[in-house]
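Scroll down for the structure; my scribbles are underneath it.
The values are calculated or read from the model by the stated rules, or taken from the named source; none is laboratory data. Quantities reported herein were computed from a predicted structural model and do not represent experimental measurements. Here Cβ is always computed from backbone atoms with ideal geometry, including for glycine, and neighbour counts include all displayed protein chains.
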Amino acid sequence: MVLCLVALPVFAVLSIFSVKYRKLTKEAFDCLFKTVTFRKCRSGLDNRIRAVLTGRIIRLSPGIAKIFYKNYKIFSWVLFILLVWSFYVSFIGIHNYILYGNCNGPESSGFCIFDPTGSNSRISEIDYVIPANITYPVLEDDDPIIGDPKAELTIIEFGCYTCPYTKNAESTVQKIIDYYNGRVNVQFKTFVIPNHPFSTESALAADCALEQGKYYDYHKLLFDNQEKMNYDMLISLAGSLGMNMTQFTNCLEDEKYKFEVQDDTFMGLEAGVPGTPTFFIGKSKVVGPKPFKTFKNIIDEELKK
Amino acid sequence: MNVEKLREDFPILKKPIIYFDSACMSLKPRQVIEKVSKYYTDYTACAGRSSHKFAHEVEIQVAGTRKEVKCLINAKRDSEIIFSKNTTESINLIANSFGLKPGDEVIISDKEHNSNLLPWLKLAKKGIKVVPVESNEDNTFNINNFEKAFTENTKLVSVVHTSNMDGVTNPVKEIVKIAHNNNAAVLVDAAQSVPSKEVDVQSLGVDFLAFSGHKALGPTGTGVLYGKKEMLEKLDQFLMGGETVVDSTYTGYEPEELPARFEAGLQNYAGIIGLGEACKYLKKVGLKNISRHEFKLNKMLSEAFADNEKISILGPKDPEQRAGIFSFIVSGMDIHDVSGMLSASRNIMLRSGAHCVHSWFNKRGLKGSVRASMYLYNTEEEAQAFIDELNKILKF
């Protein structure tokens, strides 16, 4: 009976692809149904599976086949436990995907079968060991706030202007701000990706734009022109917004906000940011450009607190 | 008999299989397959009804098969050969047409296939007594018990010729003699014997004999009932319909001549024509050669496991008495496990279960046996592979 229980979901999945497994699925179900209704299961399906498996193992090693045959019930229970475990893992995976857009949870950028291209989870990774004891990032007055400054909840985003995944997340960030209509805002902290050209320079330039009150427009222009990012472009974009170019150029060349950018990046490292974009919503961490519903689930919980 | 050359005639043997389930279903040679196919591609038609070219061809071919079957079992007349669906239908024809009345008795052996048990048990509900004859301890036929089973009410003896369960061949000639001395007719279930040994109905003296085409290299859905002309003429018609009557009115009908009166409705012409080709093939190979070959393989298997305490062979120890059937039980191991393992490990195709002889196994409290049934296309290498694989399992 134990093996019928294991066989049922296995055959059920296989029967999607091959009709020959449908009869076996029905047999396994009948067997299970009869057992739970205290009737005798006469299909012999478990015995057949035992015989076939033993026969296959004989080809490789009669000795191992003998061990398997003699300890069949133990193997059945092991398979059953593995089945229950895999059900549990699958359930958690599906649950995580529905809630967070990734099977492994909001903090993961790992592979998820439901999102094979990783569109919800890909990040610009950095090569460092995430500290065991992380320090949650804090809001700082010198970092820009996107949205209503008086909002009840502030999401801290670690992003990079040269990171395509941070760019992908921009539309979601805007949607969050629009959807919550003043209740939620976002503080953007620059997180330098060392192997991305102009990662530091673009972060410095954004702070220089903030100095002239042009941060929000410049922030948007940086992402819009991400593919052709270079030093001259950082300056020309500032010019297009009517900034004081002498002030801007000096600010950028002198690396005026170097320590500010370094502090933000360091804060991210201490908070266990694996790459960009990474978001902190209260104590929850969201890694990658997850879909809106992922943020909404967490934000709604935070707003209830 | 050149088995390797002969195997080339069986397209299915190109697959990496060891087919040891011929007692259930024989494989088909190319000649039979082509003959069946030819009916569908060259002259698909009805026999005995239409008068066009195709219909004539079908009639010729069906008549040819009847002659082939007649020759195979040495019947006296073509009209003594009735085509049916299988052995089961042939036996049911007799059970329903013989005219048994309440109080009449039918003797059977104690290891009949359900096909030769259930038709009689059904009649038992109408007051006909079914008398099973207990076999000897080694499963051979007990003539003394048989003789004692007769009463003045015994009207029919219906016994298996070669058992599908253990391969034991019953002494039909002696059975017939005793039965006739007691004024009882004899029906023989020859499903296993006709494909593998020379069966001469005249020499045996049987009144009726039934066998299937599918166990004798022929297509599925083909069977034969042989009956002595005078016995067949006494039978009531069983199935009624097209071609069983010469004429009919709203109040009556005039039965057809033999054998048409027992072949109701449109027949399995393709199958029957294929059966004719199978008979030709068997005769070409030679039934004596087939018997010898089966014995040789069974001897190999029997000797290999003769001293193995874990194996119990059903039937007598002497393989010569068990035709091509090696039926066994492995102590401490489920029969289906054994056949399943051999199938999975080396594609050895066996049958496990009660082989439709539930009554014999039930009486002994057994679930069944594993049966290796060999035929003309099996080789000594295959027998050796079976021995090697079974030996691995016996070490469990």
Sole exception among (1) in the same structural domain as residue A:281 (by TED's automatic domain parsing); (2) of a type outside the set (Val, Ile, Thr); (3) surrounded by 13 or more Cβ atoms within 10 Å (Cβ to Cβ) for residue A:53, by number: (1)
Residues located in segment B:1-46, provided they are closer than 18 Å to residue B:279 by Cβ and assigned to a loop (DSSP other than H, G, I, E, B): B:1, B:9, B:10, B:22, B:25, B:26, B:27, B:28, B:29
Tally, over segment B:89-117, of residues that are more than 23 Å from residue B:268 (Cβ to Cβ) and outside any loop (DSSP other than H, G, I, E, B): 5
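For (1) more than 23 Å from residue A:168 (Cβ to Cβ); (2) charged (D, E, K, R); (3) exposed (fewer than 15 other Cβ atoms within 10 Å of the Cβ), each residue gets a yes or a no:
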position	(1), (2), (3)
A:203	no, no, no
A:208	yes, no, no
A:211	yes, yes, no
A:221	no, no, no
A:230	no, no, yes
A:248	yes, no, no
A:253	yes, yes, yes
Residues satisfying the stated conditions in segment B:285-317, i.e. touching a strand residue (DSSP E or B) at 6+ places or on another chain (Cβ under 7 Å) and polar (S, T, N, Q): B:298, B:302, B:312
Boolean, residue B:303 is surrounded by fewer than 22 Cβ atoms within 10 Å (Cβ to Cβ) and out of contact with any helix residue (DSSP H, G or I) (no Cβ under 9 Å at 6 or more places or on another chain): no
Residue identified as surrounded by 15 or more Cβ atoms within 10 Å (Cβ to Cβ), polar (S, T, N, Q) and away from every other protein chain (no Cβ under 14 Å) among B:327, B:312: B:327
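Residue-wise test of (1) at pLDDT below 95; (2) under 30 Å from residue B:281 (Cβ atoms); (3) surrounded by 18 or more Cβ atoms within 10 Å (Cβ to Cβ).
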| position | (1), (2), (3) |
| --- | --- |
| B:340 | no, no, yes |
| B:347 | no, yes, no |
| B:358 | no, no, no |
| B:361 | no, no, yes |
| B:368 | no, no, yes |
Any chance residue A:47 is within 14 Å of chain B (Cβ to nearest Cβ), free of Cβ contacts under 8 Å to residues at least 24 places away in the same chain, not aromatic (Phe, Trp, Tyr) and not in a loop (DSSP other than H, G, I, E, B): yes
Meets criteria (surrounded by fewer than 19 Cβ atoms within 10 Å (Cβ to Cβ) and under 26 Å from residue A:139 (Cβ atoms)) for residue A:264: no
Residue match in segment B:278-295 (condition: away from chain A (no Cβ under 14 Å), small (Gly, Ala, Ser) and crowded, with 20+ Cβ neighbours inside 10 Å): yes
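Table: residues versus (1) in a helix (DSSP H, G or I); (2) away from chain B (no Cβ under 13 Å).
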{"position": "A:14", "(1), (2)": "yes, yes"}
{"position": "A:21", "(1), (2)": "yes, yes"}
{"position": "A:30", "(1), (2)": "yes, yes"}
{"position": "A:42", "(1), (2)": "no, no"}
{"position": "A:53", "(1), (2)": "yes, no"}
{"position": "A:66", "(1), (2)": "yes, no"}
